[in-house]
Amino acid sequence: MKNIRIGLFGFGCVGQGLYETLNNSKNFSGEIKKICIKNPDKPRSLDNNLFTTQADRILNDSAIDVIVELIDDAEAALDIVTRALKNGKSVVTANKKMVAENLSYLVDLQASTGAALLYEGAVCGSIPIIRTLEEYFGHEPLNEIKGIFNGSTNYILTKVFEENLDYKTALSQAQSLGFAESDPTLDVKGFDAKYKLSILLTHAFGIHVPPAQIVNLGIDHIKPADLEYAREKGFGIKLIAQAKRIHDRVYAFVTPQFIKSDHSLHNVKNEFNAVTLNGEFCDDQLFIGKGAGSLPTGAAVLSDVSALSYDYRYEYKKHYNLGKLPFSNDSLLEVYVSFDNPHEIDLEDFESIHHKYFSFDHSYVIGKMCINHLLDGKWLNNPKNNIVLCANGTESSLGSLCVKALNAEIEELKKGQELLEKITV
Ligand code: HSE
């Protein structure tokens, strides 16, 4: 193994994790030569000479072999990665937003410059899912990839569900443990999991789907009554990222889901992530590991740096070799929608309604809704609505095309709403 000299951008939670894993690895041959940081006044645990605020001192240093980009800002990260690849230097990054939003461009840039970009640490922390998809599943058609892709929300849901901790306390614990993004709305609203899902769509199905085309519902609207409903039914609630190939179309979305107690994802707790996949030949597989935190993510970055020492690169086999599978949001999901005020929900968006319950402190409707409708801001942004996917709802619904809503059911529900409104007034 050749000795690798690293130029590092960012020395936050993951950067420090890389430093520690690198120094405690018994057989890694390499060193961090320079670290570029934004704030020179911040007290640092290492010698000041190791730090610089000048990106060019790293990017133009011919003695540096590999650039490791671990900063928060996706735009600045893209600039660093672009300049490094154009300079012929290979790069490791853990910036999922930057990779997901620019993957087409980054694949082409690697091909034209000959330099490699690896990003295992960007998806599910320490679970080596990208390399597994690239190498082991490079030639096997996959039917589904699904899992818990965000450590912070899994930590929060575990604490809220099992220890009755309030949401705010659980979130601030996730922040102080270094799991959450510096803007935690990216975690709790499902954006972080969506970036990871978008990246995996490329490695699992060979397609690039910009994150803006994928629906993401978060956990921040879940109310105590929803937790109670789940408990009564024997379900857990998990934030699930899911992609499924049906009749050679791919569907993908991030939503909270009710998970039955005998499901393999039910017992994945705290900051652990899990990926389940179903392949045409291998059938079901399950991968579990820590998805957030300094050392687990630092270790994933170190593994990428080490892979570069033997000239490893992603081949994007499915992207280059397969006919392009179309991505679609034209499919039904079975959803549970709870709400405070009947006027807050638009029943016309349901294709069919299976169950409804109105009361003073907890009202909900269960029915089928098209993914396209869920992308609409009125569903995503209204804090009074909470939407959770029903247990197994996706299995039966995905793949059925959206048709017009059933008018009779809606009329009946509207009457129920009016009645509740009269009682409330
Ligand atoms: N905020 C992310 C999470 C960090 O909680 O999963 C790891 O990507």
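The values are calculated or read from the model by the stated rules, or taken from the named source; none is laboratory data. Computed from a prediction, not measured in an experiment: that's the story for all the values here. Quick reminder, even Gly has a Cβ in these numbers, built from the backbone with ideal geometry, and neighbours come from all protein chains shown. Surface accessibility is based on the protein's heavy atoms, side chains included, excluding ligands, DNA and RNA. Shrake-Rupley method; radii C 1.70, N 1.55, O 1.52, S 1.80 Å.
Which residue, SER338, SER25, SER104, has the most motion in a Gaussian network model of the chain that connects Cα atoms within less than 10 Å?
For the chain, modelled as a Gaussian network with Cα springs under 10 Å, the answer is SER25.
Express the carbon and sulfur contribution to the solvent-accessible surface of the chain as a percent, rounded to the nearest whole number, probe 1.4 angstrom.
Working: 8810 of 18040 Å².
Roughly 49 percent, rounded to a whole number.
Please give the calculated 222 nm ellipticity per residue for the chain, where each DSSP H segment of at least 4 residues contributes -39500 (n - 2.57) and the sum is spread over every residue; nearest 500 deg cm²/dmol?
Working: 15 runs with 152 residues, N = 425.
Computed mean residue ellipticity for the chain: -10500 deg cm²/dmol.
Considering the chain as a Gaussian network with a 10 Å cut-off on Cα pairs, which listed residue, LYS89, LYS244, LYS324, attains the greatest mean-square fluctuation?
Result for the chain, Cα springs under 10 Å: LYS324 fluctuates most.
Work out the P(r) tail for the chain: percent of alpha carbon pairs separated by more than 27 Å, whole number. Intermediate results must be reported in sequence, preceding the final value.
Working: 47902 of 90100 pairs.
Roughly 53 percent, once rounded to a whole number.
Give the relative contact order (percent, whole number) for the chain; include only Cα pairs under 8 Å separated by 6+ residues.
Working: 871 pairs, mean separation 73.6, N = 425.
In percent, rounded to a whole number, it is 17.
With the contact rule set at Cα under 8 Å and sequence spacing of 6 or more, what percent relative contact order holds for segment 196-320? Can you show the working numbers first?
Working: 135 pairs, mean separation 29.4, N = 125.
Once normalised by length, the contact order is 24 percent.
Could you tell me how far the Cα centroid of segment 170-237 sits from the Cα centroid of segment 88-117, in Å?
First find each Cα centre; the distance between them is then 25 Å.
When the dipole is taken about the Cα centre of the chain, and only Lys, Arg (+1) and Asp, Glu (-1) are charged at their Cβ, what size is it in debye, to the nearest 20? Mind dumping the intermediate values first?
Working: 43 positive and 55 negative charges, 187 e Å.
The calculated dipole for the chain is roughly 900 debye.
Grab the other residues whose beta carbon is less than 12 angstrom from that of ALA76, score K and R as +1, D and E as -1, and report the net.
Working: positive: LYS38, ARG83, LYS97; negative: GLU69, ASP72, ASP73, GLU75, ASP79.
After counting each charged neighbour, the total is -2.
Taking a quarter of the surface of the convex hull around the Cα atoms of segment 102-261, what do you get in nm²? Write down the numbers at each step before the final one.
On the way: hull surface 43.4 nm².
Average of the hull's projected areas for segment 102-261 equals 10.9 nm².
Give the residue list of GluC sites (Glu not before Pro) in segment 304-354 that are DSSP loop and have at most 14 other beta-carbon atoms within 10 angstrom.
Sparse-neighbourhood loop GluC sites (Glu not before Pro): GLU315.
Using only protein heavy atoms and a 1.4 Å probe, report how much of LYS42 is accessible, in Å² to the nearest 10.
Roughly 110 Å² of LYS42 is accessible to a 1.4 Å probe.
Please work out how much accessible surface SER112 shows to a 1.4 Å probe, ignoring ligands, DNA and RNA, in Å² rounded to 10.
90 Å²
Keeping all protein chains in place and using 1.4 angstrom, which order do LYS97, LYS86 fall into by accessible surface area, from largest down?
Details: LYS97 70, LYS86 135 Å².
Ranked from most to least accessible, the order is LYS86, LYS97.
³J(HN,Hα) across segment 255-268 via Karplus (A = 6.51, B = -1.76, C = 1.60, θ = phi - 60°), whole Hz, x for Gly/Pro?
8, x, 9, 6, 10, 5, 5, 9, 7, 4, 7, 4, 9, 8
Would you kindly find the accessible area of SER303, with a 1.4 Å probe and non-protein molecules such as ligands, DNA and RNA excluded, rounding to the nearest 10 Å²?
50 Å²
Enumerate cysteines in the chain without a disulfide-compatible partner, where compatibility requires another Cys Cβ under 4.7 angstrom.
For the chain, the answer is CYS13, CYS36, CYS124, CYS282, CYS390, because their Cβ atoms have no other cysteine Cβ under 4.7 Å.
Pick from LEU227, LEU109, LEU46: which is most flexible by mean-square fluctuation in a GNM of the chain where alpha carbon atoms under 10 Å apart are linked?
Of LEU227, LEU109, LEU46, the most mobile in the Gaussian network model is LEU46.
Which lysines have a Cα lying under 24 Å from the Cα of LYS89, excluding residues fewer than 8 positions away in the same chain?
LYS2, LYS33, LYS34, LYS38, LYS97, LYS317
What order do ASP361, ASP166 take when sorted by accessible area (1.4 Å probe), most exposed first?
Values: ASP361 130, ASP166 85 Å².
If we order ASP361, ASP166 from most to least accessible, we get ASP361, ASP166.
Using the Cα centre of segment 163-229 as the reference point, and only Cβ charges (+1 on K/R, -1 on D/E), how large is the resulting charge dipole? Debye, rounded to the nearest 20. Write out the running numbers ahead of the final one.
On the way: 5 positive and 9 negative charges, 56 e Å.
Using Cβ point charges on Lys, Arg, Asp and Glu, segment 163-229 gives about 260 debye.
Can you pull out the chymotrypsin sites (Phe, Trp or Tyr not before Pro) in segment 268-319 that DSSP calls coil and that have at most 13 other Cβ atoms within 10 Å? The partial results should precede the final answer.
On the way: sites: PHE272, PHE281, PHE287, TYR310, TYR312, TYR314, TYR316; in loops: PHE281, TYR310, TYR312, TYR314, TYR316.
Answer by residue number: PHE281, TYR310.
Once amide H atoms are built 1.01 Å from N in the peptide plane, which residues 5 or more positions from VAL215, or in another chain, come under 5 Å H to H?
VAL254
Given a 1.4 Å probe and heavy atoms of the protein chains only, how would you sort CYS370, CYS282, largest accessible area at the top?
On the way: CYS370 5, CYS282 35 Å².
Reading off the accessible areas and sorting them downward yields CYS282, CYS370.
Using 1/(1 + (r/R0)^6) with R0 = 30 angstrom and r between the beta carbons of ASN278 and LEU165, what's the FRET efficiency to the nearest 0.05?
On the way: r = 34 Å, r/R0 = 1.13.
That gives a FRET efficiency of 0.30.
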